[in-house]
1. Spin-label point model (7 Å from Cα, Cβ direction): what's the residue 16 to residue 56 distance in nm?
2. How large is ³J(HN,Hα), in whole Hz, for each residue of the stretch 18-24 in order, when computed from phi with the Karplus curve 6.51 cos²θ - 1.76 cosθ + 1.60 and θ = phi - 60°, using x for Gly and Pro?
3. So which aspartates and glutamates pass the test for residue 21, namely a Cα distance under 17 Å, with those fewer than 8 places away in the same chain ruled out?
4. Can you list residues from other chains, or at least 5 along the same chain, whose modelled amide H is less than 5 Å from the amide H of residue 94?
5. Applying the Karplus parametrisation 6.51 cos²θ - 1.76 cosθ + 1.60 with θ = phi - 60° to the phi angles of the stretch 76-93, what ³J(HN,Hα) value in whole Hz is obtained for each residue in order, glycine and proline being reported as x?
6. Between residue 27 and residues 5 or more places away or on another chain, which pairs have amide H atoms under 5 Å apart, with H built 1.01 Å from N, and which residues are they?
7. Long-range amide H contacts for residue 84: which residues qualify at under 5 Å (H placed 1.01 Å from N, peptide plane, sequence gap of 5 or more or a different chain)?
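Every number in this text was worked out from the coordinates using simple rules, so none of it is lab data. All of these numbers come straight from a predicted model, not from anything done at the bench. Here the Cβ positions follow ideal geometry from the backbone for every residue, glycine too, while neighbour counts run over all protein chains shown.
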Amino acid sequence: MIPNGTIKLLREVRDLQVVDKDGRNCGICDDIEFTGKAGGTLAVRCLLIGPDAIRRRLPWWLSRRLEKFTRGSVTRVPWQDVDTVTSRIRLKTSASTYGLLHIDHVLGKFLSRVPSL
């Protein structure tokens, strides 16, 4: 499936694994941002990836409790950078273009200091 074909976005795109051009897993499509107005033509603007994007889909009481931990941690990947949508979303670019592997690098540095048993 190609990004400019007809797809059911919420069912076929949201919650899919996102893979960069090098085949590295770099997140989950947590939500989708559109351009346009209600009642008019809508178009996909970008994929939203990160805990702040998923927080918006949670019940209000849980979202509110997680707000201080996830504030601002959402990455917007323009729809033009989507290469294909199959069982995964493959990007035309590398994950580092959008800082998608940043948390992996931070955790990697921290975990490398933890002694192994």
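1. 1.9 nm
2. Residue by residue, the stretch 18-24 yields 9, 10, 7, 5, 9, x, 7 Hz.
3. Filter leaves 81, 83.
4. For residue 94, whose amide H was placed from the backbone, the distant partners under 5 Å are 21.
5. 9, 10, x, 4, 4, 8, 8, 8, 9, 10, 10, 7, 9, 9, 9, 8, 7, 10
6. Close amide H contacts, sequence-distant or interchain: 18.
7. For residue 84, whose amide H was placed from the backbone, the distant partners under 5 Å are 90.
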